[in-house]
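Please read the structure below before turning to the comments.
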Amino acid sequence: MKICKFMFALEIQHRATKPYSTSQLHRLPLPLVLLPLRYPPRSPILHFNLQHLKPDRGAFLPSAMALVLHAGKTNKNSFKALIAAEYNGVEVKLVPDFEMGVSNKTPEFIKMNPIGKVPVLETLDGPIFESNAIARYVSRLKANSPLYCSSLIDYGHIEQWIDFATLEIDSNILTWFRPRMGRAVYLPPVEEAAIAALKRALGALNTHLASNTYLVGHSVTLADIILTCNLFLGFTKLMTKSFTSEFPHVERYFWTLVNQPNFKKILGEVKQAESVLPVQSVKKPDESSKQKHTDESKKEPKKEAEKEKPKAVAGEGEDEAPKPKPKNPLDLLPPSKMILDEWKRLYSNTKTNFREVAIKGFWDMYDPEGYSLWFCEYKYNDENTVSFVTLNKVGGFLQRMDLARKYAFGKMLVIGSEPPFKVKGLWLFRGQEIPKFVLDECYDMELYEWRKVDISDEAQKECVNQMIEDQEPFEGEALLDAKCFK
């Protein structure tokens, strides 16, 4: 018989009383064979046009079965399925013009996910919500997918790290992130506990990655995709270099993964946060403004309704970018002859003759009109009875000062060889006063007594020198530790 045209075909014997569903087809053994096209067919044949197949990548979804993902383009939870699709050669399309707070409120969306969260994957067999469930579904669309290892123990380890990525990493990052975006009440003790729990998790992860390139086995699995997407929010919004430098193997792992072609195609260029997002303070209206608002709302209810727009749903639905912030008042000050970054470089690069090079260089650069120096002392030194707790307290303070990194330099000394330990500091701030946004947003500031340095007083000037230099003994006592904010 002369073969006129070849197509890939899966010959399905007509033994079932109803057609195979999409999910049943995925579970069938799929020995694709080249068959001559016959008319009329002797048995029901599902024909796959060659242009709809990606046999070299093992994916058997024709274009008519393309999966549709409902989420915004910047939603880190949608990235999980999109990256998994790249590895499996599966086509997943983002729904166009998705608007958080609008698209996910429609009756059609609520029918797919009753609580209105994103992402939601639309398949021919019905919708799937929850990002990890969607990523698992996409990962299993390919027979023998590399995203799931073959052995049972490897499968268990993949699921183990997915849970770890969700419960230990993602939940703590979100607890840190949401209040700073104005999506939850900012409570400093809650944030401090979340950061501590996150550091504990990153420490455990760092230990595992010290001897492993990937979480499971020797190639990327679904666990790596989910963990990296969860770390993505932390690295780009909260975790500065000074924070992540404590976990070098996690750093190596993250930057290795986000630069893999399949990751990079979805994530684009990834840049680490230079400072922690400042807390968005909510101003409470006074009584007169409340009354005025009430009167206006009675007069113009329709106008007010038009102005209001639905807010983004929290949790998996968070993908709206923060509104542009007004320019920092410190950027509007007259130019200063002191370039803060030059001083920081001089401090970091001076290894010998510190007094003659770094200290002298500081006073040569210092601009008393553009900058001010401040001493600080912890108010409750009698409580500093445990060394590691005291050190963690100071470390947490410096972490929360990240919002001022562009405008400040600081030294914090923990003084004493035995408890109670004293905590004292020296800070250089842009401007003549401690920046208001620092006082408003870093709650630690009120735990210290602040005193402006009088540089005309030689004793105070010498104290500045000693604190910059970490001179020991300091005020007649040994130094337990000295930390620098730069």
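So that you can scan it fast, the table gives a plain yes or no per residue for (1) in contact (Cβ under 8 Å) with a residue 24 or more places away in the chain; (2) more than 30 Å from N144 (Cβ to Cβ):
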position: M181; (1), (2): yes, yes
position: L187; (1), (2): no, yes
position: A201; (1), (2): yes, yes
position: N230; (1), (2): yes, no
position: K241; (1), (2): yes, yes
position: P248; (1), (2): yes, yes
Original post:
Looking only at residues in the stretch 410-425 that are in a strand (DSSP E or B) and open to solvent by less than 10 Å² (accessible area, probe 1.4 Å), which one is nearest to F388 (Cα to Cα)?
Top reply: V414
**OP:** Considering (1) open to solvent by 20 Å² or more (accessible area, probe 1.4 Å); (2) closer than 19 Å to G370 by Cβ; (3) free of Cβ contacts under 8 Å to residues at least 60 places away in the same chain, say which one K406 fails and leave the rest.
**Re:** (3)
Subject >> Residue list for the stretch 92-102, restricted to those being out of contact with any strand residue (DSSP E or B) (no Cβ under 7 Å at 6 or more places or on another chain) and open to solvent by 40 Å² or more (accessible area, probe 1.4 Å) >> reply: P96, D97, E99, V102
Original post:
Only one residue in L82, L94, L37 is of a type in the set (A, V, I, L, M, F, W, C), at pLDDT 50 or above and in contact with a Lys or Arg (Cβ under 8 Å, 6 or more places away or on another chain). Which one?
Top reply: L94
**OP:** State whether one or more residues within the stretch 428-437 are more than 25 Å from N328 (Cβ to Cβ) and either open to solvent by 70 Å² or more (accessible area, probe 1.4 Å) or without any contact (Cβ under 8 Å) to a residue 12 or more places away in the chain (or both).
**Re:** no
Original post:
What are the residues in the stretch 365-385 that are farther than 21 Å from L333 by Cα and either part of a loop (DSSP other than H, G, I, E, B) or not aromatic (F, W, Y) (or both), if any?
Top reply: C376, E377, K379, Y380, N381, D382, E383, N384, T385
**OP:** Could you check how many residues of the stretch 108-135 are among the β-branched types (V, I, T), free of Cβ contacts under 8 Å to residues at least 60 places away in the same chain and open to solvent by less than 30 Å² (accessible area, probe 1.4 Å)?
**Re:** 1
Subject >> For A358: the one exception among (1) open to solvent by 20 Å² or more (accessible area, probe 1.4 Å); (2) in a helix (DSSP H, G or I); (3) not basic (K, R) >> reply: (1)
Subject >> So V138, is it part of a loop (DSSP other than H, G, I, E, B) and either open to solvent by less than 20 Å² (accessible area, probe 1.4 Å) or among the basic types (K, R) (or both) >> reply: no
Subject >> Filtered residue count, the stretch 241-276, keeping only those that are of a type in the set (S, T, Y) and within 28 Å of V92 (Cα to Cα) >> reply: 2
**OP:** Return the pairs, sorted by first residue and then second, in which the second residue is in a loop (DSSP other than H, G, I, E, B) and surrounded by fewer than 17 Cβ atoms within 10 Å (Cβ to Cβ), the first residue lies in the stretch 371-394 and is charged (D, E, K, R), the beta carbons are less than 9 Å apart, and the residues are 6+ apart or on different chains.
**Re:** D382/P420; E383/P420
Subject >> Scope the stretch 440-454; condition over 23 Å from P329 (Cα atoms), touching a residue at least 60 places away in the same chain (Cβ under 8 Å) and open to solvent by 60 Å² or more (accessible area, probe 1.4 Å); matching residues >> reply: E449
**OP:** Please state which one of L480, L428 is farther than 15 Å from L373 by Cβ, in a strand (DSSP E or B) and not small (G, A, S).
**Re:** L480
Original post:
When the stretch 216-235 is examined, which residues are found to be more than 10 Å from the chain's Cα centre (by Cα), open to solvent by 10 Å² or more (accessible area, probe 1.4 Å) and at negative phi?
Top reply: H218, S219, V220
**OP:** Answer yes or no: is there a residue in the stretch 160-172 that is in contact with a helix residue (DSSP H, G or I) (Cβ under 8 Å, 6 or more places away or on another chain), surrounded by fewer than 16 Cβ atoms within 10 Å (Cβ to Cβ) and at positive phi.
**Re:** no
**OP:** Could you check, for the stretch 141-155, whether at least one of its residues is open to solvent by 50 Å² or more (accessible area, probe 1.4 Å), part of a helix (DSSP H, G or I) and in contact with a strand residue (DSSP E or B) (Cβ under 7 Å, 6 or more places away or on another chain)?
**Re:** no
Original post:
Can you name the number of the only condition in (1) of a type outside the set (G, A, S); (2) crowded, with 19+ Cβ neighbours inside 10 Å; (3) farther than 18 Å from N392 by Cβ that R178 fails?
Top reply: (2)
Original post:
Do the conditions hold for K105, that is, is it open to solvent by 40 Å² or more (accessible area, probe 1.4 Å) and without any contact (Cβ under 8 Å) to a residue 40 or more places away in the chain?
Top reply: no
**OP:** Give the residues of the stretch 456-470 that are open to solvent by 60 Å² or more (accessible area, probe 1.4 Å) and either outside any helix (DSSP H, G or I) or aromatic (F, W, Y) (or both), sorted by residue number.
**Re:** S456
**OP:** Restrict the check to the stretch 122-135 and report whether at least one residue is in a helix (DSSP H, G or I) and over 18 Å from N230 (Cα atoms).
**Re:** no
Subject >> Residue check for V394: open to solvent by less than 10 Å² (accessible area, probe 1.4 Å) and over 28 Å from P335 (Cα atoms) >> reply: yes
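The values are calculated or read from the model by the stated rules, or taken from the named source; none is laboratory data. Note that the structure is a prediction, hence the values are computed from the model and not measured. Cβ sites come from the backbone with ideal geometry, for glycine too, and all protein chains shown count toward neighbours. The accessibility values were calculated without ligands, DNA or RNA, using every heavy atom of the protein model including side chains. Shrake-Rupley method; radii C 1.70, N 1.55, O 1.52, S 1.80 Å.
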